[in-house]
Each structure stands twice: as structure tokens, then as C-alpha cells.
1. Checking Ile121 against (1) of a type in the set (A, V, I, L, M, F, W, C); (2) surrounded by fewer than 14 Cβ atoms within 10 Å (Cβ to Cβ); (3) over 17 Å from the mean Cα position of the chain (by Cα), only one condition comes out false. Which one?
2. Specify the residue that is farthest from the chain's Cα centre (by Cα); the eligible residues are those in segment 62-72 that are over 16 Å from Thr91 (Cβ atoms) and open to solvent by 60 Å² or more (accessible area, probe 1.4 Å).
3. Could you identify the single residue in Ser85, Ser96 that is open to solvent by 50 Å² or more (accessible area, probe 1.4 Å), free of Cβ contacts under 8 Å to residues at least 40 places away in the same chain and not charged (D, E, K, R)?
4. Testing Glu167 on (1) closer than 26 Å to Leu262 by Cβ; (2) open to solvent by 40 Å² or more (accessible area, probe 1.4 Å); (3) at pLDDT below 95, one condition comes back false. Which one is that?
5. Would you tally the residues in segment 69-96 being within 30 Å of Pro156 (Cα to Cα) and not acidic (Asp, Glu)?
6. Looking only at residues in segment 17-61 that are charged (D, E, K, R), under 30 Å from Ser88 (Cα atoms) and exposed (fewer than 11 other Cβ atoms within 10 Å of the Cβ), which one is modelled with the highest pLDDT?
7. Could you run through segment 196-214 and say how many residues are farther than 19 Å from Asn100 by Cβ and in contact with a Ser or Thr (Cβ under 8 Å, 6 or more places away or on another chain)?
Amino acid sequence: MYAGRPLHLRFETFDVTDGRDMPIGRGIILHDITADRELDRMKSNLISTVSHELRTPLAAIKGYASTLLAEDVEWDSKSQKEFLSIISNETDRLTSLVNNLLDLSRIEAGSLRLSLEKCMIEETIMRGARQAHLESGNRFEVQIEAGLPVLFVDVPRLETVIRNLIENSVKYAGEQAVIHLRVNRQGDAVVFRVMDDGPGIPPQKSERIFERFYRLDDSLARVTSGAGLGLAICQGLVRAHKGEIWVEPMNTGACIAFSIPLNLYEAGNEPL
């Protein structure tokens, strides 16, 4: 074990001879193949996860489209609207998954390029919240410090971070959860905090939740789908903005915070 994780080694033995080609012993070479094993594991997880996540919305789209096209049934306008709404929502779900995968690939390839512009913080938050599809029983509250300086960000990317964090809160805190988003200045950065009144995040897992495909125990989440990419995407996009993301300790519930530096525009628009 190394840093709490398995260490994978490959042993290679060879004969050792002297100048007269006479055997005098055997040698051993140790190859650290932990990274290779991790890469293989991630590839397997990717194929398995994406296959599962694609299959569910595709099945729904196919099913409802086939129902609407059936020649032996006439559906009233209310039913048609309901079916088309489901098809639209499942299409959005597919689009979100594909965009997450594309963002992840760009982040890992170091080719993610930001397009910085002036950010209207409250508008950006509300757009991200709408995309998160909050449940009808959720209460969403926003508190923004007055007089914040102008913040330059890649606005669609910031919306993605906010959406993923809100979706994560709904996923673990439930459809009756109260979700708070607070924004304030700390030094030379603007800090966003997304808090909920759910079961919280165990301290020993506060670092791992940002890993690709990592999910908390099923006992802590509602029965729901998810590729385990949302928080990894958040971390990559926040770091692309030269910021940081972390879990803040809470007596009850969970809080994930991230910072965006105020001088980002001066730093230039460079790839991650």
C-alpha cells in the first residue's frame, strides 16, 4: 500500500554472469505498473459507465418516440406534450453526458481553452440552477455579497460548475433538500459555496470525491444514475481558472466551495 492505495509491481528476473560468461547470481528488476493498472481501470470504468448512462436515456427516447408514431393510437395533446417533454429532457441528459466527457478529455489533454468575459454572477448562478433541474420540493437560496469587484470567467464553464454542484446536492440531500449558494470575496478571489442539509461528506472521503468515476457509498445517496464525473469536471474547470475547489467541514450537511481569482483576466487566456 502507498498513501492508502494499492501499489502494483511487476517482477522481472535475469541471470548475472561474469566476464567469462559464468553465472554468478540472479538479479531482480521491479517495475511500478500502478499507473498502468489505474489507466486500465479507468478505461474499463469509462466503457461500463458510458454504456450504462447512454442506454437509459436512449431507451426512453426510443420508447416514447415509437409510442407517438404508433398508427393505431391517437394521443391527445396533453399526452403528446408529456411524451415530448420526456424526450426533450432525456436528450438534454445525453447532451450533458457527452459535454462532460468532452470537457474531461480536454482537461486531461491540457487543451481546454477559456474564453474570458465579464460575469454577471447572479444571472450565471440562476442559469446554472435552471439547468440542474431542481426537484419541486427543493428550496434554493442565493446570497451574494454586495459590492463585489468585476469577475472575469468563462461563463458557460462557470455555469457547468454551478450546475454540477447543485445536482450533486440534490442527488445526496434529496428532493426536499434546502440548498444555499453563497458568494463572497476572500482576499484576491471570489469564493462560491454550495451547501445543503443532507447527510454530509465523510471526512475521509473529502479528497476522493473529486476523482473520476468515484461515488460515495450508495447508502448516502438516493437511487439515481450518475457517471461519477460531475465533481471531477468541476475540479478541472475551476483549476483551469487558476482557482481551487475543496470540501468545507460542516456540523450537519455538506459544503463544497471553490474560488476564482479576481486577477484572472490579467493572467491571460491560456490553455490548462
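1. With respect to (1) of a type in the set (A, V, I, L, M, F, W, C); (2) surrounded by fewer than 14 Cβ atoms within 10 Å (Cβ to Cβ); (3) over 17 Å from the mean Cα position of the chain (by Cα), Ile121 is out only on (2).
2. In this case the residue turns out to be Asp72.
3. Ser85
4. Going through the list (1) closer than 26 Å to Leu262 by Cβ; (2) open to solvent by 40 Å² or more (accessible area, probe 1.4 Å); (3) at pLDDT below 95, Glu167 breaks only (1).
5. 13
6. Arg55
7. Quick first cut of segment 196-214, residues farther than 19 Å from Asn100 by Cβ only: 196-207.
Imposing the further condition that a residue be in contact with a Ser or Thr (Cβ under 8 Å, 6 or more places away or on another chain) reduces the set to 196-198, 200.
Of the residues in that region, 4 qualify.
The values are calculated or read from the model by the stated rules, or taken from the named source; none is laboratory data. From a predicted model like this one, the values you see are computed outputs, not experimental measurements. Using ideal geometry, Cβ is built from the backbone for each residue, glycine included, and neighbour counts are taken over all protein chains shown. Surface accessibility is based on the protein's heavy atoms, side chains included, excluding ligands, DNA and RNA. Shrake-Rupley method; radii C 1.70, N 1.55, O 1.52, S 1.80 Å.
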